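Enquirer: Below is a structure I'd like to ask you about.
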Amino acid sequence: MISGSKIILRKKRLTDAQNDYLWQSDPELARLDALPPVTIPFDEYLPAYTSELRYSAPTRHSFAVETLDGKHIGNCTYYNVNEAKSEAELGIMIGNRAHWDKGYGTDAVSTLISYIFRNTNLKRIYLKTLDSNIRAQKCFQKCGFTPYGHLVRDGFNFVLMEIHHKEWQEQQT
Ligand SMILES: CC(C)(COP(=O)(O)OP(=O)(O)OC[C@H]1O[C@@H](n2cnc3c(N)ncnc32)[C@H](O)[C@@H]1OP(=O)(O)O)[C@@H](O)C(=O)NCCC(=O)NCCS
């Protein structure tokens, strides 16, 4: 378990499946992630979810985001871990809309970055977000990410953002 000031990050559990299914099948949340919503029924979703939890790839580390009183409000992940390049990609989803714009996303991302830079050899974290997703960009900027380019993929326009260990370390003082 990793503690922030407003959230904790904990290991994913099978009991998260119901919330994750709800969020992944929500068209607005899927659109914010530039993904198609999940449309299969829950009883088909669960077996794949279970095996992903059991056999998770070493290049992917997913955490549930919980409020301090134990409510599961989203997920935060670092993935595409590339040891040779000392870098990984970061993703976040606060699925529970009642918790948007209250600092939970910023605390979850800051807490995960701090964990990564203190506990792994990774030196660069990068991400992509839709250029229309101003909330996400503000959240990432508050965590110290800076834009470094644009990407057009599958008809979506993304802003690319990154943070380096050295810059993060300087921001800590
Ligand atoms: C994006 C997300 C992680 C941000 O987390 P959050 O807890 O809602 O955000 P925070 O409260 O930490 O920060 C958001 C900031 O954006 C601001 N904001 C929100 N909408 C805005 C808008 N339309 N224009 C300008 N600023 C905006 C908020 O006021 C806040 O800034 P402040 O703290 O200076 O007031 C979360 O909303 C989420 O997961 N959304 C759904 C999925 C998604 O977009 N994922 C990101 C994919 S890359």
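The values are calculated or read from the model by the stated rules, or taken from the named source; none is laboratory data. Every value quoted in this text rests on a predicted model; they were computed, and no experiment measured them. Glycine gets a Cβ as well: all are built from the backbone with ideal geometry, and neighbour counts include every protein chain shown. For the accessible areas, the whole protein counts, side chains as well, though only heavy atoms, and no ligand, DNA or RNA atoms are used. Shrake-Rupley method; radii C 1.70, N 1.55, O 1.52, S 1.80 Å.
Enquirer: If you place +1 on the Cβ of every Lys and Arg and -1 on the Cβ of every Asp and Glu, how big does the dipole about the Cα centre of region 50-105 come out, in debye to the nearest 20? Each step should come with its number before you reach the end.
Expert: Values: 6 positive and 7 negative charges, 26 e Å.
With Lys and Arg at +1 and Asp and Glu at -1, about 120 debye.
Enquirer: How many nm separate the modelled label positions at Lys138 and Thr59, each set 7 Å beyond the Cα in the direction of the Cβ?
Expert: Spacing of the two 7 Å Cα→Cβ label points: 3.5 nm.
Enquirer: Could you tell me which of Ile73, Tyr126, Ala98 has its Cα farthest along the dipole of the chain towards the positive end, charges placed at Cβ (Lys, Arg +1; Asp, Glu -1), taken about the Cα centre?
Expert: Tyr126
Enquirer: Given a 1.4 angstrom probe, I'd like the percentage of the accessible area of the chain that is carbon and sulfur, rounded to a whole number.
Expert: With neighbouring chains kept in place, the figure for the chain is 52 percent.
Enquirer: Work out, in µm²/s and without decimals, the Stokes-Einstein translational diffusion coefficient of the chain at 4 °C, 1.567 mPa s, Rh from Kirkwood over C-alpha pairs.
Expert: Values: Rh = 16.7 Å.
Here the translational diffusion coefficient equals 78 µm²/s.
Enquirer: Using each residue's phi in region 29-44, evaluate 6.51 cos²θ - 1.76 cosθ + 1.60 at θ = phi - 60° and report the 3J(HN,Hα) Karplus result to the nearest Hz, with x for Gly and Pro.
Expert: Whole-Hz 3J(HN,Hα) from phi for region 29-44: 5, 5, 4, 5, 9, 6, 10, x, x, 5, 10, 6, x, 4, 5, 8.
Enquirer: Ranked from the most accessible area to the least, with a 1.4 Å probe and all protein chains present, what is the order of Tyr55, Tyr148? Please list the in-between numbers first.
Expert: Numbers: Tyr55 165, Tyr148 95 Å².
So, going from the largest accessible area down, we get Tyr55, Tyr148.
Enquirer: What does the charge dipole of the chain about its Cα centre add up to, to the nearest 20 debye, if the Cβ of each Lys and Arg holds +1 and the Cβ of each Asp and Glu holds -1?
Expert: Charge dipole, the chain, about its Cα centre: 440 debye, nearest 20.
Enquirer: Counting only heavy atoms of the protein chains, get the accessible area per residue of region 1-83 (1.4 Å probe) and round it to a whole Å² value.
Expert: On the way: 5010 Å² over 83 residues.
Per-residue accessible area for region 1-83 comes out at 60 Å².
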